[in-house]
Amino acid sequence: MNQSNNNEPSPITVKKIACIGAGYVGGPTCSVIAYKCPQIQVTIVDVNPDRINQWNSDSLPIFEPGLEEIILKCRGKNLFFDTDIDKAIKEADLIFVSVNTPTKQSGIGSGYAADLSYVELCTRRIATVAATSKIVVEKSTVPCRTAESMRKILESNSKPNLNITFDILSNPEFLAEGTAIKDLLNPDRVLIGSLGTPSGKRAQAALVDVYANWVPREKCVTTGLWSSELTKLVIIMNESQKRRFTTKVVKELFNTIRGKKITVLGFAFKKDTGDTRCSASITLIKQFREEGAQISIYDPKVKENQYWLDLVNPQVPGDDQAARKQITICKSAEEACHGASGIVIATEWDEFKSLDWKKIYETVDKPATIFDGRLILDQKALKSIGFKVFVIGKGEELK
């Protein structure tokens with residue numbers, strides 16, 4: 001045997017994985033890992049007991065095609081959902097950090113910058129609780145160089161006298177809502193970033209070994225830590241485009257929507273999912289509220305409590321009550337459209353294409369106006385019924 005190999009540290013074998021954050025990234029990702037790696041114990045933890053109870057029930061907190069089947073096969077075997085975060089941290093060899101990164105509601109960056117409070121709290125908790133060395137994987141949808149902040153926290157809290165160290169990896173999310181399970185089972189690539197240190201490379205290799213249980217190794221792309229994060233930033237939400245859309249609605253409804261009913265069809269980020277992260281509807285509805293509108297919403301998959309989590313600002317006293325006075329959650333598109341001054345198509349659900357628009361036309365205020373933000377409706381057919389139709393990106397009504 002080559003003498004130099006005797007001095008090399010042995011490869012890291014991951015036997016237990018913890019995922020902090022049982023949301024749209026952590027839940028599906030780590031469920032698929034458990035499904036494809038029966039030899040690894042996977043525990044998904046969250047501070048929200050209601051969410052964990054849902055994961056342990058027959059009514060999962062999120063909808064993704066194929067997810068329920070995987071949960072039923074693995075839950076209670078090598079896949080567990082729990083609220084005991086400290087226990088999961090202590091037992092895990094590798095920890096995914098997949099906590100919420102909402103938009104800041106106040107202060108510098110309000111309205112567009114990510115609030116990394118949960119990421120920082122989670123990282124500090126790992127540093128405090130860990131009794132053995134850990135691989136920590138940044139998995140949330142977070143801004144560039146967040147892993148650097150996590151690394152600084154972990155390094156400053158390392159315990160070399162106890163032989164406890166931390167290696168930070170970046171493993172960006174490339175999931176498309178509605179096809180998340182398909183994407184996880186057959187990814188185009190898996191990107192894993194690490195520091196260029198020997199320990200960083202070992203940690204990177206350990207995560208590659210996990211994915212290699214079902215992903216061809218040539219699809220596991222290893223990069224530097226910051227290159228990995230930069231690659232994730234290929235999609236940036238255009239907030240100014242949303243503001244222009246709201247302005248268009250107000251302008252076409254005679255320069256005011258105060259007291260008028262505006263219907264928003266669709267609240268999920270895209271069709272075939274209940275995921276509302278980065279949904280354009282959230283921004284639009286908040287802007288409609290600022291204009292004094294009464295808003296009715298319908299989405300076939302989003303659960304009712306999710307609307308209020310996304311639309312109520314907890315930092316504004318009384319906003320929950322105020323929001324419920326302005327916003328109505330409806331059980332059908334027809335109910336949502338009844339009496340509307342304007343109808344906004346915000347998610348490209350197929351069912352919106354086949355609605356009885358002639359019947360809806362009879363129930364709305366005139367002139368009946370539709371704003372198709374997803375380019376899914378037959379504008380000529382709607383115009384023949386009597387609707388005024390405005391299409392995103394066009395400066396005037398379709399002729």
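The figures follow:
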| item | result |
| --- | --- |
| Breaking point among (1) touching a strand residue (DSSP E or B) at 6+ places or on another chain (Cβ under 9 Å); (2) surrounded by 13 or more Cβ atoms within 10 Å (Cβ to Cβ), for Tyr361 | (1) |
| Lone qualifier among Ile376, Ile385, Ile329, Ile360 - being among the β-branched types (Val, Ile, Thr), out of contact with any Gly (no Cβ under 8 Å at 6 or more places or on another chain) and under 16 Å from Gln294 (Cβ atoms) | Ile329 |
| Residues that are under 15 Å from Val344 (Cβ atoms) and within 11 Å of the chain's Cα centre (by Cα), drawn from the stretch 267-282 | Ala268, Ser279 |
| Search result, residues across the stretch 304-313 that are surrounded by fewer than 16 Cβ atoms within 10 Å (Cβ to Cβ) and in contact (Cβ under 8 Å) with a residue 12 or more places away in the chain | Glu304, Trp308, Asn313 |
| Residues located in the stretch 213-235, provided they are crowded, with 16+ Cβ neighbours inside 10 Å and at pLDDT 90 or above | Val215, Cys220 |
| Enumeration of residues in the stretch 174-197 that are surrounded by fewer than 18 Cβ atoms within 10 Å (Cβ to Cβ) and outside any helix (DSSP H, G or I) | Phe174, Ala176, Thr179, Asn186, Asp188, Arg189, Gly196, Thr197 |
| Only listed residue being in a strand (DSSP E or B) and within 16 Å of the chain's Cα centre (by Cα), chosen from Phe63, Phe81, Phe96 | Phe96 |
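The values are calculated or read from the model by the stated rules, or taken from the named source; none is laboratory data. A quick note: this is a predicted structure, and the numbers were derived from the prediction, not measured. Quick reminder, even Gly has a Cβ in these numbers, built from the backbone with ideal geometry, and neighbours come from all protein chains shown.
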